[in-house]
1. Count, please, the residues in region 175-195 that happen to be surrounded by 21 or more Cβ atoms within 10 Å (Cβ to Cβ) and assigned to a loop (DSSP other than H, G, I, E, B).
2. In the set Ile392, Ile385, which member is under 21 Å from Gly286 (Cβ atoms), in a helix (DSSP H, G or I) and aliphatic (A, V, I, L, M)?
3. Kindly provide the set of residues from region 75-94 that are buried (at least 24 other Cβ atoms within 10 Å of the Cβ) and either in contact (Cβ under 8 Å) with a residue 40 or more places away in the chain or of a type in the set (Val, Ile, Thr) (or both), ordered by number.
4. Suppose we filter region 168-195 for residues that are more than 19 Å from Asn12 (Cα to Cα) and either of a type outside the set (D, E, K, R) or assigned by TED's automatic domain parsing to the domain that holds Leu317 (or both); how many remain?
5. Tally up the residues in region 347-393 that are touching a Ser or Thr at 6+ places or on another chain (Cβ under 9 Å) and closer than 16 Å to Glu124 by Cβ, please.
6. Can you name the residue in region 312-346 that is in contact with an Asp or Glu (Cβ under 8 Å, 6 or more places away or on another chain), of a type in the set (A, V, I, L, M, F, W, C) and buried (at least 24 other Cβ atoms within 10 Å of the Cβ) and is also nearest to Arg390 (Cα to Cα) among such residues?
7. Being touching a helix residue (DSSP H, G or I) at 6+ places or on another chain (Cβ under 9 Å) and in a helix (DSSP H, G or I) is the filter here, so list the residues in region 314-331 that pass it.
8. What number goes with the only condition from (1) farther than 21 Å from Ala347 by Cα; (2) under 13 Å from the mean Cα position of the chain (by Cα) that Gly101 does not pass?
Amino acid sequence: MVVVEQKVLALNGNEAVADAVKQADVDVLAAYPITPQTIIVERFSEYVARGEVNTEFICVESEHSALSASLAASAMGARVFTASGSAGLALMHEILYVASGCRAPVVMAVVNRSFSSPANIHCEHTDSMVERDSCWIQMYVENSQEAYDSTIQAFRIAEHSEVMLPIMICLDGFTLSHTLENVSVLPDDAVRNFVGKREFPLVTNHRGKAVPFRLDFENPITIGSLDLQDYYFEHKRQQEESMRRALEIIPQINEEYGEISGRRYGDGLLDAYKLEDAEIATVCLGSTAGTVKTVVDDLRAEGVKAGVLRIRTFRPLPVEGIVRALENVEAVGVMDRNMGFGGHGGAMFHEVHHALYDASNHPHVVNYIYGIGGRDTSPSRIRKIYEELREIREAGRVEVPVRFVDLRE
């Protein structure tokens, strides 16, 4: 395939997502506004009002209703999108599990934001981390370009016959959602050809007939029925197997998209930066990676063997890839933009530390809690993290495993 000609638009992250959804030929969008996500559905409502899309736009009374409507539409065979974040995502909590259990490939943009109380509308990753075990694929983007590209890829991933799971595209509130960037946009026909029409795996209905997996009055099947001790466990295991298969499908779609756009995000799961010979490294999610890469460049210029691993796909967690990427690193700082109250560090620290526990080269791992409530983390402060990692490497031990960045004690 050949990289297609693209135009560059000045878009913030929310607008980039809305434009991607427009091009993906979505059938239904159910929406309820919440800051800092609102721009996505507002912009898309303008497309609906102008007749630029053939989409049923459903204004609902809550986020719980938004995901309920999305689930119902998806079960009927529609391509579906919604968006939320923070308290809105929390209100969806029950239906998140229903949607994944019904194997509904809903695509949702999650604009990450803190929870109250105290009231705060700025970025942290607590809202989506709370839902990491709801069997939704989770992808975290670094910039608005990736928000656009990942939203397009999300429909292919979620609707793939070997996956059939919902997916969250997570972008940092305000840092990405409201910040203008240059975004290269594909032509409409290129996106629609890439995404294609939604296809349905075949299942056998009660009449013994092979029918598409969707609700159809002419070919009835049951989705989301009562499922007690007999088979519930097995069906949950099927969801886990689909997550495993997504580890293979996501890189394939990342590569296919790269062939038409010229843009690839690592292998689709992990984005490793200058890790080949790194002695110290950080692990992070989202927009922070851009700043960290700049610091790594500066350190490399000074002769420091530093690197960074950005986890793009947090669910399913690419455990083997994490171990390979960090196999030669001696000290690792895991940067969490969430807090595990009463636990031992943030959510990603638990996951990465666990993944590295049995690695042949067992690096020293330390957790850095940062950016809570939208607090800025400057390049100079990130440099201090790398200085501490150098000290840990030289000392050969971690004395304080969980540390708080720029916190007034």
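1. 4
2. Details: Ile392 fails: under 21 Å from Gly286 (Cβ atoms).
After applying the criteria, what remains is Ile385.
3. Initially, region 75-94 is screened for residues buried (at least 24 other Cβ atoms within 10 Å of the Cβ), giving 80-86, 88-89, 92.
Once the filter is applied, which keeps residues that are buried (at least 24 other Cβ atoms within 10 Å of the Cβ) and either in contact (Cβ under 8 Å) with a residue 40 or more places away in the chain or of a type in the set (Val, Ile, Thr) (or both), region 75-94 yields Val80, Phe81, Thr82, Ala83, Ser84, Gly85, Ser86, Gly88, Leu89.
4. 5
5. Step one: filter region 347-393 for residues touching a Ser or Thr at 6+ places or on another chain (Cβ under 9 Å), giving 347, 368, 370-374, 377-379, 382, 385-386, 389.
Those still in the list that are closer than 16 Å to Glu124 by Cβ too: 347, 368, 370-374, 377.
Residues meeting the conditions: 8.
6. Ranking the candidates gives Ala331 first.
7. Across region 314-331, the qualifying residues are Val319, Glu320, Gly321, Ile322, Val323.
8. The single condition Gly101 does not satisfy is (2).
The values are calculated or read from the model by the stated rules, or taken from the named source; none is laboratory data. Since the model is a prediction, treat every value here as computed from it, not as a measurement. Because the Cβ atoms are built from the backbone with ideal geometry, glycine has one as well, and the counts that use them run over all protein chains shown.
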